[in-house]
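The values are calculated or read from the model by the stated rules, or taken from the named source; none is laboratory data. Values in this document were obtained by computation on a predicted structure and should not be read as measured data. With ideal geometry, Cβ positions are generated from the backbone for all residues, glycine too; neighbour counts draw on all protein chains shown. Protein only, heavy atoms only, side chains kept; ligands, DNA and RNA dropped before computing areas. Shrake-Rupley method; radii C 1.70, N 1.55, O 1.52, S 1.80 Å.
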Amino acid sequence: MRFTGSEVVIKTLIDNGVDVIFGYPGGAVLPIYDAIFKQNELRHILVRHEQAAVHAAEGYARSTGKVGVVLVTSGPGATNAVTGLTDALMDSIPVVCLTGQVPTHLIGNDAFQEADTIGITRPCTKHNYLVKDVHKLSRTISEAFYVARSGRPGPVVVDLPKDVVNAETNYEKLGKIEHRSYRPVTHAEPSAVEDAVTLVESAERPIIYSGGGIINSGDRASKLLKELARVTGFPVTNTLMGLGGYPGNDPQFIGMLGMHGTFESNMAMHDCDVMIAVGARFDDRVTGRLSDFAPVAKKIQIDIDRSSINKNVFVDIPLVGDAANVLEAFLAVWKKRKSTTNKKAIENWWEQIERWRKVDCLKYENSQSTIKPQYALQRLHELTKDLDVYFTTEVGQHQMWAAQFLRFDEPHRWMTSGGLGTMGYGFPAAMGVQIAHPKSLVIDVAGEASFLMNMQELSTVTQYRLPVKVFIMNNEYMGMVRQWQEFFHGGRYAESYTDSLPDFVALAEAYGMKGLRATKPDEVDDLITEMIAHDGPVVADVMVEKMENVFPMIPAGAGHHEMKLGSDDDVAPRTEDGMVLV
Amino acid sequence: MIHGRWGIEVSGVERHTIACIVDNEFGVLARVVGLFSGRGYNIESLTVAVVDVERELSRITLVTSGTRMIIEQIKAQLGRLVPIHQVIDLTDEGPHVERELALLRVESTGEKRAESLRIAEVFGARAVDSTQESLVFEITDTTDKLDSFIDHMGPLGLIEIARTGVVAIGRGAEVP
Ligand SMILES: Cc1ncc(C[n+]2csc(CCOP(=O)(O)OP(=O)(O)O)c2C)c(N)n1
Ligand SMILES: [Mg+2]
């Protein structure tokens, strides 16, 4: 039987297990929208800006482990998607983005709504395809799914000229996709695994440092990581992306590390003698000054992407492969060899870590009159911790406080823009999470400035009755920018005041949503309770202390051991180099 | 002991010749070039041509330089590109043959003409075109030899140079 290219697109998506796509129509994709109209297996969610479509797909992907799918038109549709694609690339989120394109005979002619989508998205995708032949359409889309989800996941663009989706072809369900050249390595070399076990046996001040790779690898990886922690008794720290990959309520968990991580995890990283990195890429926000990064540690790194190894930090034992497979191999060797750790040394190490923990680095001065952002998040955590809840965030101070004060006991519950730091990520991502988990509570912890960047999606959540809760930590500042200006630019708050804010409660109501506001600490619990209880979308405007700073903090260009605990400490950049860091 | 990208002790800069076997498809070269420009790596030379028509494979040969850590990064990054089948570091793999071709157009009359022909002979270059006032030489050799030949021709009326960049291949019977 003959099908149009558009019908083939829909069939191929369904055959790849897709049940929902996030998109926005336009001239170049009209035939595909027509095909969407004529069926009812595949659900389409109409966003209000293409960037939001990609973030929604990311939220969907991150909270389910499946591939998120996006459909946008040519030209401005594709260029609007670029931020989302870059975000997905940086955080290794599997996304397939179908972009419309002008007909093949017009490509290169500066046709109406033509953009060089393949050229523009080449550096911000894991791979991209231009389909010029309708007979290759189905195979290419299936290959895009394979590339997006295998190895180190990432976004893949498939550019679809209008004549190709209008042409006719046969359709056959494809078997297993084997790519001609793309072969992700999945299992580490056995001899390197043996070496790693030997090193771990001898460790006196060890640390396990795990990242987003644990979550991408899947629940098996999280379980095996727990087992590794159990059999060794080692402390575990997570990156921002890795939160939930190891249970936050576990006594061996010592908190997030990095610029705003806990004192105990950063000090332990600095002093450790053996480090086991799992699915973490030694990002500059994590390492601080490289020459002071874990200076005496022997390092083991488990990563599926060879290019993540020895990129910033020299690693002694690289284990290239899927985190779950490598952890499994490691534990098998550990059992076979009946390995043990240096119990006495590990005990001493834990005593040291407990001393650091006692510093209580997240303590803050609470107030009776103004809502401290930390307090609001503590209450949010307390009142939601027993619920089936997912959190997303925007980018800024609120994001860091959320990472510090919320707690994640399982993977997939925490969605944040780590690598790119995209303001405007959290709200559309929350929509994607809510679509995937219609019965769950989904909360976007937002800053007022970030929320402004994608608040057009209020219309989307209203249309689809998505009961997403936007919890705005409203400090009327681009707080993170203001904090850096306070520390590094003499308190000159250039353009960081969020002037002319809307009345968020009235704004919510304008969309027929519920709006809530708290201005005093004693209103916070009621606001949260009402927000949770409401069976529909809510915008909660929580007016927090304007000048609060995020601590602890490793000043830019400093080492982990130079962490600052509060504003009495000097947080100026340590070096000239530090001053130019972002 | 610590190797890093910014401001940190960097071991010596090495020059490597790397061959990539790639799908001969639209955009592959842009991916490779984009990788180098996007990540700030050096490209000293780059050549590309189809080497297997049936299997639609091309070979890209590139010469790059950087610290050991950067070279390893470059290879890992190249290996990550979806249409790349194989990355071969010829410099690391040991004995290999490197060749480059250059064409030199020289204004040459009288004594200079005889002199340039004599030097060409020494370098094993061939005159492939000749007019009353000019010669075109072709030389195929290592990059060093080409540089040296060009230096010699400079004072003898060198007008224009075209070079292909390096192509290279391993030695012996082993399949890479
Ligand atoms: C798209 C984008 N533009 C600019 C920035 C730089 N930036 C980082 S945090 C921040 C301020 C965020 O303000 P807000 O959302 O109110 O959060 P707060 O820090 O006040 O909690 C800015 C402008 C960014 N991360 N993303
Ligand atoms: Mg703010």
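How do the pairs read when you match residues in segment B:81-108 that are without any contact (Cβ under 8 Å) to a residue 24 or more places away in the chain with residues anywhere that are part of a helix (DSSP H, G or I), using Cβ under 8 Å and keeping only pairs 6 or more apart or on different chains?
B:82/A:147
Between a residue in segment A:465-481 that is farther than 14 Å from residue A:393 by Cα and any residue that is away from ligand 1 (no atom under 12 Å from the Cβ) and open to solvent by 30 Å² or more (accessible area, probe 1.4 Å), which pairs come within a Cβ distance under 7 Å, given they are 6 or more apart or on different chains?
That search, which allows pairs on different chains as well, returns A:467/A:535.
Only one of (1) within 13 Å of another protein chain (Cβ to nearest Cβ); (2) modelled with pLDDT of 95 or more fails for residue B:3. Which number is that?
So residue B:3 meets the others, but not (2).
Is there a residue being more than 14 Å from every other protein chain (Cβ to nearest Cβ) and either within 20 Å of residue A:50 (Cβ to Cβ) or buried (at least 21 other Cβ atoms within 10 Å of the Cβ) (or both) anywhere in segment A:120-131? Give the derivation first.
From segment A:120-131, those more than 14 Å from every other protein chain (Cβ to nearest Cβ) are none; that's our starting set.
No - not one qualifying residue is present in segment A:120-131.
Of the numbered conditions (1) of a type outside the set (D, E, K, R); (2) open to solvent by 20 Å² or more (accessible area, probe 1.4 Å); (3) under 21 Å from residue A:442 (Cα atoms), residue A:14 satisfies every one except a single condition; which is it?
It fails just one condition, (3).
Can you confirm whether residue A:502 is within 16 Å of ligand 2 (Cβ to nearest atom) and under 26 Å from residue A:369 (Cα atoms)?
yes
Can you tell me which residues in segment A:50-66 are within 15 Å of the chain's Cα centre (by Cα) and either modelled with pLDDT under 95 or surrounded by 24 or more Cβ atoms within 10 Å (Cβ to Cβ) (or both)? Write out each step before concluding.
Residues of segment A:50-66 within 15 Å of the chain's Cα centre (by Cα): A:52, A:54-66.
Listed by number, the residues that qualify are A:52, A:54, A:55, A:56, A:57, A:58, A:59, A:60, A:61, A:62, A:63.
Please give the helices (runs of 4 or more DSSP H) falling wholly within segment A:369-436 in which 2 or more residues are of a type outside the set (D, E, K, R) and away from ligand 1 (no atom under 14 Å from the Cβ).
Filter on segment A:369-436 gives A:373-384, A:426-436.
Could you list, in sequence order, all residues of segment A:321-332 that are out of contact with any His (no Cβ under 8 Å at 6 or more places or on another chain) and open to solvent by less than 20 Å² (accessible area, probe 1.4 Å)?
Within segment A:321-332, the subset out of contact with any His (no Cβ under 8 Å at 6 or more places or on another chain) is A:323-324, A:327-328, A:330-332.
Hits for segment A:321-332 are A:323, A:324, A:327, A:330, A:331.
Please count how many residues of segment A:461-483 are of a type outside the set (Lys, Arg), in a helix (DSSP H, G or I) and within 13 Å of ligand 2 (Cβ to nearest atom).
Of the residues in that region, 4 qualify.
Of the conditions (1) surrounded by fewer than 15 Cβ atoms within 10 Å (Cβ to Cβ); (2) within 14 Å of chain A (Cβ to nearest Cβ); (3) modelled with pLDDT under 95, residue B:12 fails just one. Which one is it?
(2)
Only one of these is farther than 22 Å from residue A:189 by Cα and touching a strand residue (DSSP E or B) at 6+ places or on another chain (Cβ under 8 Å): A:304, A:346, A:317, A:300. Name it.
Of A:304, A:346, A:317, A:300, the one residue that is farther than 22 Å from residue A:189 by Cα and touching a strand residue (DSSP E or B) at 6+ places or on another chain (Cβ under 8 Å) is A:346.
Could you go through segment A:389-412 and let me know if any residue there is without any contact (Cβ under 8 Å) to a residue 12 or more places away in the chain and closer than 15 Å to residue A:260 by Cβ. Walk me through it before giving the result.
Applying the first criterion (without any contact (Cβ under 8 Å) to a residue 12 or more places away in the chain) to segment A:389-412 yields none.
So far as segment A:389-412 goes, no, none of its residues is without any contact (Cβ under 8 Å) to a residue 12 or more places away in the chain and closer than 15 Å to residue A:260 by Cβ.
From the residues in segment A:437-460 that are open to solvent by 20 Å² or more (accessible area, probe 1.4 Å) and assigned to a loop (DSSP other than H, G, I, E, B), which one is nearest to ligand 1 (Cβ to nearest atom)?
The residue in question is A:437.
Assuming residue A:546 fulfils every condition listed in (1) in contact with a His (Cβ under 9 Å, 6 or more places away or on another chain); (2) within 15 Å of ligand 2 (Cβ to nearest atom); (3) open to solvent by 20 Å² or more (accessible area, probe 1.4 Å); (4) outside any helix (DSSP H, G or I) apart from one, which condition is it?
(1)
Any idea how many residues of segment A:275-312 are assigned to a strand (DSSP E or B), in contact (Cβ under 8 Å) with a residue 40 or more places away in the chain and open to solvent by less than 20 Å² (accessible area, probe 1.4 Å)?
7
Return the only residue of A:503, A:535, A:499, A:522 being open to solvent by 70 Å² or more (accessible area, probe 1.4 Å), under 17 Å from residue A:449 (Cα atoms), more than 16 Å from ligand 1 (Cβ to nearest atom) and at pLDDT 95 or above.
Among A:503, A:535, A:499, A:522, only A:503 is open to solvent by 70 Å² or more (accessible area, probe 1.4 Å), under 17 Å from residue A:449 (Cα atoms), more than 16 Å from ligand 1 (Cβ to nearest atom) and at pLDDT 95 or above.
Going by the conditions given, is residue A:99 within 21 Å of the chain's Cα centre (by Cα) and in contact (Cβ under 8 Å) with a residue 60 or more places away in the chain?
For residue A:99, the condition - within 21 Å of the chain's Cα centre (by Cα) and in contact (Cβ under 8 Å) with a residue 60 or more places away in the chain - is not met.
Would you point out which residue out of B:68, B:59 is more than 8 Å from chain A (Cβ to nearest Cβ) and at pLDDT below 95?
On inspection, the qualifying residue turns out to be B:68.
Going by what's in this entry, would residue A:263 be described as at the interface with another protein chain (Cβ under 10 Å from one of its Cβ atoms), aromatic (Phe, Trp, Tyr) and either within 26 Å of residue A:575 (Cβ to Cβ) or surrounded by fewer than 24 Cβ atoms within 10 Å (Cβ to Cβ) (or both)? Show your work before the answer.
On the way: at the interface with another protein chain (Cβ under 10 Å from one of its Cβ atoms): no; aromatic (Phe, Trp, Tyr): yes; either within 26 Å of residue A:575 (Cβ to Cβ) or surrounded by fewer than 24 Cβ atoms within 10 Å (Cβ to Cβ) (or both): yes.
Considered against the rule, which asks whether it is at the interface with another protein chain (Cβ under 10 Å from one of its Cβ atoms), aromatic (Phe, Trp, Tyr) and either within 26 Å of residue A:575 (Cβ to Cβ) or surrounded by fewer than 24 Cβ atoms within 10 Å (Cβ to Cβ) (or both), residue A:263 comes out as no.
On the basis of being modelled with pLDDT under 95 and more than 20 Å from residue A:380 (Cα to Cα), does residue A:552 make the cut?
No, not satisfied.
Could you grab me the full set of residues in segment A:425-471 that are over 17 Å from the mean Cα position of the chain (by Cα) and aliphatic (A, V, I, L, M)?
A:435, A:441, A:449, A:452, A:453, A:455, A:458, A:461, A:466, A:468, A:470
So which residues in segment A:132-154 are farther than 16 Å from residue A:94 by Cα, more than 11 Å from chain B (Cβ to nearest Cβ) and not in a helix (DSSP H, G or I)?
The answer is A:133, and nothing else.
Would you confirm, using the coordinates I've provided, whether residue A:553 is within 30 Å of residue A:23 (Cα to Cα), aliphatic (A, V, I, L, M) and away from ligand 2 (no atom under 13 Å from the Cβ)?
Answer is no for this residue.
Would you check which residues across segment A:313-334 are more than 11 Å from chain B (Cβ to nearest Cβ) and in a strand (DSSP E or B) and list them?
Those that are more than 11 Å from chain B (Cβ to nearest Cβ) and in a strand (DSSP E or B): A:317, A:319.
Test residue A:523 against the stated conditions and say whether it is in a helix (DSSP H, G or I) and either of a type outside the set (A, V, I, L, M) or within 19 Å of residue A:381 (Cβ to Cβ) (or both).
Yes: the conditions hold for residue A:523.
When only residues in segment A:461-476 that are away from ligand 1 (no atom under 16 Å from the Cβ) and of a type outside the set (A, V, I, L, M) count, which is nearest to residue A:376 (Cα to Cα)?
Filtering first and then ranking leaves A:469.
Could you identify the single residue in A:83, A:99, A:117 that is open to solvent by 10 Å² or more (accessible area, probe 1.4 Å) and either under 28 Å from residue A:412 (Cα atoms) or in contact with a strand residue (DSSP E or B) (Cβ under 9 Å, 6 or more places away or on another chain) (or both)?
Result of the check over A:83, A:99, A:117: A:83.
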